[in-house]
Amino acid sequence: MELLVRAAAAAAASSSPHPSLQLPRRACVAGLGRPRPRRPGFPSLRAAAAAATAVESETKEQQNDTSETEVFACPVCYVPLIRKGPPGINLPAIYRSGFKCSKCNKSFTSKDIFLDLTVTSGTKEYTEQKPARTELFRSPLVSFLYERGWRQNFNRSGFPGLDEEFQMAQDYFQPVAGGILLDVSCGSGLFTRKFAKSGTYSAVIALDFSENMLRQCYEFIKQEDTLLNANLALVRADISRLPFASCSVDAIHAGAAIHCWPSPSNAVAEISRVLKPGGVFVGTTFLSSPRNNPFSVEALRPLRQIVGPVNTSYNYFTEGELEDLCKSCGLVNYSSKVQRSFIMFSGQKAY
């Protein structure tokens, strides 16, 4: 009898699973005999979703006072600046904003009525002098007189007048209507205001190296309430070191300016860099003529190559020289209109 009981007990034990192999049902995955360990560094989907929601919430909060500008860039690194303050390309928003380069940590502010984006912005000891033709327009007196008689005298050389020059430029800019326009070497803003009031562009940025010209520009702007709240900004910058990201603007205007630039080739190269593919550059200047250059260009060219400019403190060019300069800087579809010593020329950034 005892033998029968032992045999029955052994049979029961062999027909049931071993206690050490019995696992909780929830721990068995795909028939494995033990729980699958969680890989380190790979959070669950639920945790990832929670983290994404937190980041999105934080981003929305930061957008109230911090945003990355779409156009302004560091003049040292050409990296787009980070803005802290209200968004928008308008005088009130930019005045209340601070800008910083994420690469070199250089900061820029609107301590005056314009945003200073020169390389020397913020320096305390260092100063430098530009050529006389550039420094002349930094004078408070010249800045005051520029739109009060100075510019009007250009008609003696064939300049057709502000209204006609503006319309001629608008015709060239038709392919980029709706984009951002830079009015470089804007002076007192006589064309800046016309471009801004035209409603043709999403934003107009007036740019000059002269602090006093920009102050005069603001004096005229504040006389019109519509301009104070328009998408219009005032920026101090060097034409040979434009503080804008590459391929970031649609149109650039330089009225009666290139003859004053220290290095026209560097300036036009910078203009080409910041224009978007298909972007348009329009400039006006005085052509080289016996009136402003008593010697022929052909006779002066060999001497100019040896000792530099020998005619006056300004750079006067022939039609061929302007076309050659634009093409050498990557601008295509060059065209021009000439009236006596006046020339309006245009080029387009290649696609």
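Suppose every K and R has +1 on its Cβ and every D and E has -1 on its Cβ; what is the size of the dipole of segment 188-261 about the Cα centre, in Debye to the nearest 20?
In total the dipole reaches around 40 debye.
Can you give the extra length, in nm with one decimal, that the chain gains between Arg241 and Thr109 once fully stretched, where that is 0.36 nm per residue apart less the Cα-Cα distance?
45.7 nm
Assuming R0 = 30 Å, can you tell me the calculated FRET efficiency for the pair Gln339 and Thr226, based on Cβ-Cβ distance, to the nearest 0.05?
Working from the Cβ atoms, E equals 0.40.
Can you tell me what percent of all Cα-Cα pairs in segment 129-349 are more than 22 Å apart?
More than 22 Å apart: 49 percent of the Cα pairs in segment 129-349.
With a 1.4 Å probe and all protein chains left in place, how much accessible area per residue does segment 129-349 have, in Å²?
Here the per-residue accessible area is 40 Å².
Please compute the modelled spin-label separation between Ser102 and Tyr351, points set 7 Å along Cα→Cβ, answer in nm with one decimal.
3.1
At 1.4 Å probe size, with the rest of the protein present, what percent of the exposed accessible area of segment 129-349 is carbon and sulfur atoms?
51
Net charge around Gly278, counting only other residues with Cβ within less than 13 Å of its Cβ (Lys, Arg = +1; Asp, Glu = -1)?
+1
Relative contact order, percent, of segment 129-349 when contacts are C-alpha pairs under 8 Å separated by at least 6 residues?
Values: 381 pairs, mean separation 44.2, N = 221.
Taking the mean separation of contacting Cα pairs over the length of segment 129-349, I get 20 percent.
Identify, among Leu207, Ser139, Ala251, the residue whose Cα sits farthest towards the positive end of the charge dipole of segment 129-349, taking +1 on the Cβ of Lys and Arg and -1 on the Cβ of Asp and Glu, with the dipole about the Cα centre.
Projecting each Cα onto the dipole axis, the largest value belongs to Ser139.
Might you report the magnitude of the Cβ-based charge dipole of segment 129-349 about its Cα centre, with Lys and Arg at +1 and Asp and Glu at -1, to the nearest 20 debye?
300
Starting from the Cα of Leu141, step 7 Å along the direction of its Cβ; do the same at Glu128; then give the gap between the two resulting points in nm.
2.8
The values are calculated or read from the model by the stated rules, or taken from the named source; none is laboratory data. None of the values given here were measured: they were computed from a predicted structure. Virtual Cβ from ideal backbone geometry, glycine too; neighbours counted across all protein chains shown. Calculation scope for accessible area: heavy atoms of the full protein, side chains included, ligands and nucleic acids excluded. Shrake-Rupley method; radii C 1.70, N 1.55, O 1.52, S 1.80 Å.
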